[in-house]
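Scroll down for the structure; my scribbles are underneath it.
Bear in mind that the values in this text are calculations on the coordinates, not laboratory data. This one's a predicted model, so the numbers in the text were calculated from it and none came from an experiment. Positions of Cβ are generated from backbone atoms using ideal geometry, with glycine treated the same way; all protein chains shown enter the neighbour counts.
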Amino acid sequence: MHPILAQPRRLGLYLLAWLFAGGLLSLALAFPEGGSALEGMALGLPLGLFYAFVSLAAWYPARAAPLRSAGALRQLVTHAAAALLSSAAWCLFGVLLARGLARLPLFAGAAGRFQTVLPFLYPVGVLLYLLAVALHYLFVAFEESRQAERQALGLQILAREAELRALRAQINPHFLFNSLNSISALVGDDPEGARRMCELLADFLRQSLRLGALERIPLADELALLANFLSIERVRFGPRLQVSERIEDAARGCLLPPLLLQPLVENAVTHGIAQLIAGGEIRLEARCEGGLLQLVIENDCDPDRRRRAGTGLGLANVRRRLEETWGREARLQAREEGGRYRVEIAVPAPAQT
Amino acid sequence: MNEPTPSAGAPEGAAPLRVAIVDDEEPARRLLRGLLAALTEVEVVAECANGFEAVKAASELVPDLLLLDIQMPKLDGFEVLELLGEEGPAVVFVTAHDEHALRAFEVHAVDYLLKPVSGQRLAEALERARARLGERSGAAGASGPGASAARALAAAVRPPGRLERLLVREGPAVAVIPIEKVDYVEARDDYVCLRAEGRKHTKQQTLGELEKELDPSRFVRIHRSYLLNVERLARIELYAKDSRVAILADGTRLPVSRAGYARLQELL
């Protein structure tokens with residue numbers, strides 16, 4: 001869309017500026033011997049208005065050849081040719097107008113007088129056109145910066161949405177429905193157990209929401225969340241789910257993005273323990289070594305288990321978050337060997353306060 | 001497997017609905033047991049913690065209805081249904097919310113309950129099962145969802161991809177055969193006979209159906225009646241004009257038709 005034609009306010013200002021130029025032109029045209037102020041205006045104002053519209057066309061070459069991308073020579077040639085042509089058209093319009101006016105007794109001799117101004121008028125026309133080109137480039141730049149701003153805003157919104165989706169995905173609906181089913185089962189003959197399960201579930205949800213809103217959390221907080229999650233799952237799976245932890249004290253204070261490990265532990269339960277008839281163990285390890293925080297999540301698994309749709313989604317998610325946070329300094333490795341699935345993460349351990 | 005626990009409220013005279021509960025999570029079984037205890041004319045004949053136990057219970061105790069969890073280790077609910085086949089008990093799936101499963105259920109009209117299970121929905125599902133069972137015994141041949149429906153269901157729910165293993169029911173037991181262990185499959189009317197690790201297994205499925213589920217770059221239809229795992233192929237010999245035999249690594253000889261030979265050549 002043409003930046004001037006598209007907005008009436010801009011068009012009005014633009015035409016006003018050209019009327020002003022037409023006024024100046026009127027003064028100049030009244031100057032030659034035998035001319036009058038009236039004749040100057042009769043020629044100058046239409047000429048100004050005519051050129052206003054001709055110059056609007058400067059937008060199209062300006063848009064087609066943006067300053068940054070097109071070569072300087074090509075631009076120079078394009079615009080110079082357009083300027084010479086436009087000014088020629090302008091002058092021709094002036095000559096025809098002067099001839100027409102000369103037929104009126106009031107403006108007798110106007111055509112001859114206009115001829116004398118022509119050598120000056122032509123270069124002025126070229127310059128005015130080039131001025132219009134500059135103005136249009138200004139508009140192009142303005143539009144581009146606005147577009148970039150809009151785009152940046154759009155990206156920000158997208159990032160926010162992704163964050164929200166991630167959070168929602170972290171609280172897996174299957175997990176919730178299964179937990180509610182367990183509570184429903186306990187209500188009958190173990191009301192105390194049902195109450196404890198409700199508390200665990202409420203704690204887990206509260207923790208997820210609270211920690212999820214933070215930028216970084218200490219490993220100790222993430223571990224507390226995991227302990228809670230695993231307690232709930234232990235009600236469902238009973239003795240099939242065993243958990244062991246080896247956490248170095250120094251590691252507990254290390255900062256991580258929230259809910260980084262939770263999806264991995266959830267995977268360990270759904271794809272590991274839940275696929276084993278006799279169940280198995282989930283092992284969590286954390287230690288600080290050489291400026292790195294080393295994390296291990298390992299679980300028993302059935303090598304012949306069915307690979308379900310969505311497998312690997314959680315892992316890919318974690319990988320992406322690590323990359324976003326630490327770039328290439330973070331490392332994630334997942335491998336399966338002899339009925340054990342092991343995820344190792346190493347991230348820089350920031351200096352502790 | 002737990003001992004049968006007859007429900008208290010069954011009135012005298014009427015034959016109670018014999019139900020087996022199948023779920024790998026103890027609380028889930030407990031909930032169903034509790035809800036069923038409140039209903040009349042229902043008898044819980046078995047509680048199974050996995051698919052193998054379910055197939056065994058179905059063989060030995062012949063329940064009218066399975067309340068069948070879908071996500072279970074080793075054998076999932078769909079596979080249990082497939083193994084039980086057309087003559088098996090009626091099935092009501094019990095599952096936590098799962099969009100794919102729901103869509104499949106709509107298409108194939110197998111009844112289902114969502115976790116957490118509501119007592120009222122359970123009673124309604126039992127009512128429907130009872131009605132269906134009545135029809136089944138009334139008109140011979142009419143049956144429940146059956147094996148083919150289960151396979152279609154499973155295909156709709158599982159991620160697209162080739163079959164990784166074959167399940168074969170042998171009486172109350174289930175053999176799980178990894179697909180790479182299968183040497184060849186032979187058609188026998190409505191059954192297939194497959195050989196794996198020196199043993200033969202029969203399965204209620206047609207060769208054409210099975211062929212569609214297998215990886216075509218591994219299993220080739222060398223003959224109207226034979227599907228061959230090409231990794232077992234040692235050589236092909238001309239037997240007579242236009243007739244060849246495939247000789248497997250262990251010396252087994254299988255007939256190769258002209259079309260089958262063309263398919264083999266294309267692959268190799």
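Computed values, structure above
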| item | result |
| --- | --- |
| Relative contact order [Cα under 8 Å, 6+ residues apart], chain A, whole percent | 10 |
| Per-residue average of Cβ from other chains inside 10 Å of B:16-27 | 4 |
| Order of B:Cys193, A:Cys91 - criterion: other Cβ atoms within 10 Å of each residue's Cβ, fewest first | B:Cys193, A:Cys91 |
| Least to most buried among B:Tyr239, A:Tyr51, A:Tyr122, A:Tyr14 (fewest other Cβ within 10 Å first) | B:Tyr239, A:Tyr122, A:Tyr14, A:Tyr51 |
| Net length gained if the chain between A:Glu337 and A:Leu38 were fully extended (0.36 nm per residue, minus Cα distance) | 97.8 nm |
| Distance histogram in 10 Å bins (all Cα pairs of region A:8-167, percent per bin) | 10, 31, 24, 16, 9, 5, 3, 2, 0 |
| Convex hull of Cα atoms in the protein assembly as shown, direction-averaged projection (nm²) | 50.6 |
| Cβ crowding within 10 Å averaged over residues, with A:71-80, A:274-283 ranked highest first | A:274-283, A:71-80 |
| Furthest towards positive pole of dipole, A:Ser145, A:Leu214, A:Leu225, structure part region A:82-236, Cβ charges | A:Ser145 |
| Selected from A:Ala98, A:Ala88, A:Gln75, residue furthest toward positive end of dipole (region A:8-167; charges at beta carbon) | A:Gln75 |
| Entries of B:Lys181/B:Lys212; B:Lys74/B:Lys212; B:Lys203/B:Lys241; B:Lys115/B:Lys203; B:Lys74/B:Lys203 with Cα pairs more than 28 Å apart | B:Lys203/B:Lys241; B:Lys115/B:Lys203 |
| Using alpha carbons only: equivalent-ellipsoid semi-axes of region A:177-275, gyration tensor based, whole Å | 26, 16, 12 |
| Cα-centred dipole magnitude for chain A, charges only on beta-carbon of K, R (+1) and D, E (-1), debye, nearest 20 | 1380 |
| Given charges at Cβ of Lys, Arg, Asp, Glu: chain A dipole, positive-most of A:Ile157, A:Ile345, A:Pro61 | A:Pro61 |
